[in-house]
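Here is the structure we will look at, set down as structure tokens.
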Ligand SMILES: C[S@@+](CC[C@H](N)C(=O)[O-])C[C@H]1O[C@@H](n2cnc3c(N)ncnc32)[C@H](O)[C@@H]1O
């Protein structure tokens, strides 16, 4: 029956499979229908699973899910945690909440703070990934800790410029955290004044402390 089947949204963590919770991994392994970014599908899809890549054609992905959930559960893999800027938003607009089961994952943001051994309960989190945060989010205040998602346009260089214009000091520390959890994981610790001269790093996490 259509309503009995679920859309199971699995947070696959920052990238390295060691950081997926076992319940998420089990759901992926047992899936008949598996949705995910191409990288995730290459990593996790097994023979016999029918897959649908998440591309810019989000409506196409929704159509696939709508058709297949009539037959069985559909598992959708998203990076990091589903509750933090993922396909879950669009799924909630298309399907009733009762039909969606979320298996949480470790967000890249969470991982970045862990990597720096830095508590994040007092941090202000904001996203420059395909959007811009409010002026209030990124306003300077002494002692403020900022955690930022980035994309290719809003990268370590352009965001450092924006923060300097917003009144942050040139000497403020910026951690540029890229490829988190992968073998080529890199954390560069610099200042905002230096970051505007360094090669831009995109699709990373920026922690300003
Ligand atoms: C659309 S957001 C998805 C966030 C995801 N739901 C999460 O909880 O981590 C994509 C952004 O997350 C960050 N990101 C995701 N994986 C990352 C990683 N392994 N290393 C560094 N940043 C990462 C980058 O800023 C990237 O542009």
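Every read-out reported here was derived from the displayed coordinates using simple, explicitly stated rules and does not represent laboratory data. Since we're looking at a predicted model, the values are computed, not measured. Glycine also receives a Cβ, built like all others from the backbone with ideal geometry; neighbour counts cover every protein chain displayed.
Structure notes:
- Within a Gaussian network of the chain (alpha carbon springs, distance under 10 Å), most fluctuating of 180, 198, 25: 198
- Cα-based Rg and Dmax for region 11-106, where Dmax is the largest Cα-Cα distance (Å): 12.2, 32
- Antiparallel content of DSSP bridges confined to the chain, in %, to 5: 45 percent
- Using alpha carbons only, the radius of gyration of the chain set against its Kirkwood radius gives Rg/Rh = 1.03.
- Extension gain, residue 199 back to residue 137 (0.36 nm per residue minus Cα-Cα distance, nm): 19.8 nm
- Of 60, 11, 143, the one that fluctuates the most in a GNM where the chain has Cα springs shorter than 10 Å: 143
- Relative contact order for the chain: 21 percent, from Cα pairs under 8 Å spaced at least 6 residues apart, divided by residue count.
- Listed by Cβ neighbour count within 10 Å, with the fewest neighbours leading, 149, 125 appear as 125, 149.
- Using C-alpha pairs below 8 Å separated by at least 6 residues, the relative contact order for region 24-83 is 41 percent.
- Computed log10 I(q)/I(0) for region 109-208 at 0.10, 0.23, 0.25 Å⁻¹: -0.22, -1.33, -1.60, from the Debye equation with unit scatterers placed on every C-alpha and solvent omitted.
- Alpha-carbon centroid distance for the pair region 85-112 / region 133-208, whole angstrom: 25 Å
- Most fluctuating residue given options 72, 122, 151, as computed from a GNM of the chain linking Cα atoms under 10 Å: 122
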